[in-house]
Amino acid sequence: MGQWFLTNKGGIAAPMEASLSMEASLSYRLMKSGEESAVCALVTRVFNEFVAPDYSDEGAEEFLQYVEPNLLLERSQANHFVLVALLLEEIVGMIEVRDYGHISLLFVDKRFQRIGIGKELLSKSLEICFSHKPGLSQVSVNSSLYAVEVYRKLGFRQQGPRQTVKGICFDPMVLELSGP
């Protein structure tokens, strides 16, 4: 098993075993007011590297307008919730869910992808969804081309043909649920 090199607030890199130490240091909770800028910075970084190359200029601009911090905060105070993953005190992942049934955003920092953070964010967000909608039978997402395989591995299936709206290309997908 490899080592992670994390930088603390003082800028000193220290090795950390990726197994138990990583899991013990990970926590999940709802986004707090004041964290929206850090959450949007994470989303923008990951989007620019992995998703934007598949988007037109119009689509990238439309997406980046959607992830403005003040809009994320407004949505989280209305009909959305945002769950964050933290490693120590750093936000390393996030999921935004609309109306307890549609994933609007799911992003994990490049350094921490493929270790289960996205899966855990989904799992914990489904618990919240079920607590508000006990009869919830499915969750939908409009997946970027980059994330289609990730969603498939999480149990989602294609729900219709690929679409492009305002320059944003996506595959509509759905996860069938059987209950909490």
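The values are calculated or read from the model by the stated rules, or taken from the named source; none is laboratory data. Keep in mind that this is a model prediction, so the values were computed, not measured. Glycine gets a Cβ as well: all are built from the backbone with ideal geometry, and neighbour counts include every protein chain shown. Ligands, DNA and RNA are stripped out before the accessible areas are found, and what is left, the full protein with its side chains, is counted by its heavy atoms. Shrake-Rupley method; radii C 1.70, N 1.55, O 1.52, S 1.80 Å.
Miscellaneous remarks
Here is a yes/no grid of residues against (1) out of contact with any Leu (no Cβ under 9 Å at 6 or more places or on another chain); (2) farther than 18 Å from Phe47 by Cβ:
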position	(1), (2)
Gln77	yes, yes
Ile91	no, no
Glu96	no, no
Leu154	no, yes
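- Positions within the stretch 119-133 being assigned to a helix (DSSP H, G or I) and either under 15 Å from Asn79 (Cβ atoms) or of a type outside the set (Lys, Arg) (or both), in sequence order: Glu120, Leu121, Leu122, Ser123, Ser125, Leu126, Glu127, Ile128, Cys129, Phe130, Ser131, His132
- Top-ranked residue in the stretch 51-71 [being assigned to a helix (DSSP H, G or I), among the hydrophobic types (A, V, I, L, M, F, W, C) and without any contact (Cβ under 8 Å) to a residue 40 or more places away in the chain; ranked as surrounded by the fewest Cβ atoms within 10 Å (Cβ to Cβ)]: Leu71
Here is a yes/no grid of residues against (1) open to solvent by less than 50 Å² (accessible area, probe 1.4 Å); (2) touching a residue at least 60 places away in the same chain (Cβ under 8 Å):
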| position | (1), (2) |
| --- | --- |
| Cys129 | yes, no |
| His132 | no, no |
| Ser137 | no, no |
| Ser143 | yes, no |
| Ala147 | yes, yes |
| Val150 | no, no |
| Gln158 | no, no |
| Gln163 | no, no |
| Pro172 | yes, no |
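- Looking across Leu145, Leu175, one residue alone is at pLDDT 95 or above, aliphatic (A, V, I, L, M) and part of a strand (DSSP E or B). It is Leu175.
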